[in-house]
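One structure is given below, represented as structure tokens, and several questions about it will come after.
The values are calculated or read from the model by the stated rules, or taken from the named source; none is laboratory data. Everything numeric here is computed off the predicted structure, so don't read it as measured data. Methodologically, a virtual Cβ is constructed for each residue, glycine included, from the backbone with ideal geometry; neighbour enumeration extends over all protein chains shown.
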Amino acid sequence: MNKIIVISKSASLTSRDVVNKLSKILGTKKIGHTGTLDPMAEGVLVCLVGKYTKLASILTSEEKEYISEIKLGMNTDTLDITGNITEEREVSKINKDEIIKVFNSLLGEYNQTIPLYSAVHVNGKRLYEYAREGKKVDLPQNKVFIKELELLDYQDNIIKFRCVVSKGTYIRSLIQTICENLNTIGVMSSLVRTRQGKFKLEEAYTLEEIQNKQYKSLNIEDVLEVTQVNLENNRNILHLVLNGNKLNLDYNGYVLFKLNEEEIALYNFKNNEGRLIIKIKE
């Protein structure tokens, strides 16, 4: 069973919860996903089943789109609405033009501080473990790219915005930077991932729909630009592919080798040299 399923994650579930529930529905333990969502977050969670789990590193590199809200006037230890309040402050008068100006100033690449409540490892321990133990730790930074930042609404001290960002961007940290530039404080009060790469929320399925078999899964050709090569009449190459050997052939990019309609392996060719990405048929 090799498939890609685009899940519409609901709030309160962790990404691991989704994987566990999907595992029970499909009757397989070999399931992964391509990008963790906070428990309070909703939206697109791309799940990979079977041999397709090895596509994770390829699909995770895609840009992501979110719609989020900032509640101004408070800070929490988790940088979102679910945390313990650490500070409250009266919100100074801010107008939409100021917000748009700050948004425009943040476009491009910058070094973002990773939030304490995250799963990133520092010295062999996840950051949230330091937080739970009350231990201090130097927070690492990650180079991210903010492609788009659009103000959708601002009223009652709530800023609603849409953003398109690179892999590894924490929206909670982006919100902290936005608030600092507005000379105020605020936390993330909602988050919806509306797109990851080419996977869109309107094309995602709930766990209930999957349980009821009301969904459509995807395969490699649906998610990657690939050259398909049938090896029915080339047993020499078939033997090399089945053994995962490097290939010297006149291709560039991803090549999906098949035997008739059965997927055999996915290779990535650069300068006509192909390296195995996934061996689908053993």
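Restricting attention to the stretch 179-212, which residues are within 19 Å of ILE81 (Cα to Cα) and either under 23 Å from the mean Cα position of the chain (by Cα) or of a type in the set (Gly, Ala, Ser) (or both)?
Answer for the stretch 179-212, where residues must be within 19 Å of ILE81 (Cα to Cα) and either under 23 Å from the mean Cα position of the chain (by Cα) or of a type in the set (Gly, Ala, Ser) (or both): GLY186, VAL187, MET188, SER189, SER190, LEU191, VAL192, ARG193.
If you check every pair at least six apart or on different chains, which have Cβ atoms under 6 Å apart with a residue in the stretch 2-30 that is more than 24 Å from ARG195 (Cβ to Cβ) first and a residue that is assigned to a loop (DSSP other than H, G, I, E, B) second?
These pairs meet every condition: SER23/LYS29; THR28/MET1.
With respect to CYS179, determine if the residue is out of contact with any helix residue (DSSP H, G or I) (no Cβ under 8 Å at 6 or more places or on another chain) and at pLDDT 95 or above. Give the steps one after another, and end with the answer.
Details: out of contact with any helix residue (DSSP H, G or I) (no Cβ under 8 Å at 6 or more places or on another chain): yes; at pLDDT 95 or above: yes.
Spelling it out, CYS179 is indeed out of contact with any helix residue (DSSP H, G or I) (no Cβ under 8 Å at 6 or more places or on another chain) and at pLDDT 95 or above.
When the residues of the stretch 102-116 are filtered to those that are part of a strand (DSSP E or B) and within 22 Å of ILE81 (Cβ to Cβ), which remaining residue is modelled with the lowest pLDDT?
Of all residues in the stretch 102-116, those part of a strand (DSSP E or B) come to 108-113.
With the extra rule that they be within 22 Å of ILE81 (Cβ to Cβ), the set shrinks to 112-113.
Numbers: GLN112: 91, THR113: 86.
Among residues in the stretch 102-116 that are part of a strand (DSSP E or B) and within 22 Å of ILE81 (Cβ to Cβ), the one modelled with the lowest pLDDT is THR113.
Can I ask one more? Within the stretch 31-73, can you find the residues that are surrounded by 20 or more Cβ atoms within 10 Å (Cβ to Cβ) and without any contact (Cβ under 8 Å) to a residue 40 or more places away in the chain?
Passing the criteria: ILE31, HIS33.
Just to be sure, is ILE264 surrounded by 13 or more Cβ atoms within 10 Å (Cβ to Cβ), touching a helix residue (DSSP H, G or I) at 6+ places or on another chain (Cβ under 9 Å) and in contact (Cβ under 8 Å) with a residue 60 or more places away in the chain?
On the way: surrounded by 13 or more Cβ atoms within 10 Å (Cβ to Cβ): yes; touching a helix residue (DSSP H, G or I) at 6+ places or on another chain (Cβ under 9 Å): yes; in contact (Cβ under 8 Å) with a residue 60 or more places away in the chain: no.
Spelling it out, it is not the case that ILE264 is surrounded by 13 or more Cβ atoms within 10 Å (Cβ to Cβ), touching a helix residue (DSSP H, G or I) at 6+ places or on another chain (Cβ under 9 Å) and in contact (Cβ under 8 Å) with a residue 60 or more places away in the chain.
Additional query: Just give me the residues in the stretch 215-239 being surrounded by 14 or more Cβ atoms within 10 Å (Cβ to Cβ) and in a helix (DSSP H, G or I), in sequence order.
ILE220, VAL223, ILE237, LEU238
Just to verify a result, which residue in the stretch 57-93, among those that are under 20 Å from the mean Cα position of the chain (by Cα) and in a strand (DSSP E or B), is nearest to TYR128 (Cα to Cα)?
Filtering the stretch 57-93 down to residues under 20 Å from the mean Cα position of the chain (by Cα) leaves 57-69, 78-80.
This time we only want the ones that are in a strand (DSSP E or B), so: 64-69, 80.
Numbers: LYS64: 23, GLU65: 25, TYR66: 23, ILE67: 25, SER68: 22, GLU69: 23, ASP80: 14 Å.
Among those residues, the one meeting the criterion is ASP80.
Anything in the stretch 116-161 that is over 21 Å from the mean Cα position of the chain (by Cα) and small (Gly, Ala, Ser)? List them, or say none.
GLY124, ALA131, GLY134
Checking the condition touching a Lys or Arg at 6+ places or on another chain (Cβ under 6 Å) and of a type in the set (A, V, I, L, M, F, W, C), which residue from ILE185, ILE220 passes?
Numbers: ILE220 fails: touching a Lys or Arg at 6+ places or on another chain (Cβ under 6 Å).
Matching residue, one of ILE185, ILE220: ILE185.
Next up: Would it be correct to say that GLU109 is under 20 Å from LEU37 (Cα atoms) and either surrounded by fewer than 16 Cβ atoms within 10 Å (Cβ to Cβ) or not aliphatic (A, V, I, L, M) (or both)? If you could, list the steps in order and put the result at the bottom.
Working: under 20 Å from LEU37 (Cα atoms): no; either surrounded by fewer than 16 Cβ atoms within 10 Å (Cβ to Cβ) or not aliphatic (A, V, I, L, M) (or both): yes.
No; evaluated as a whole, the condition is false for this residue.
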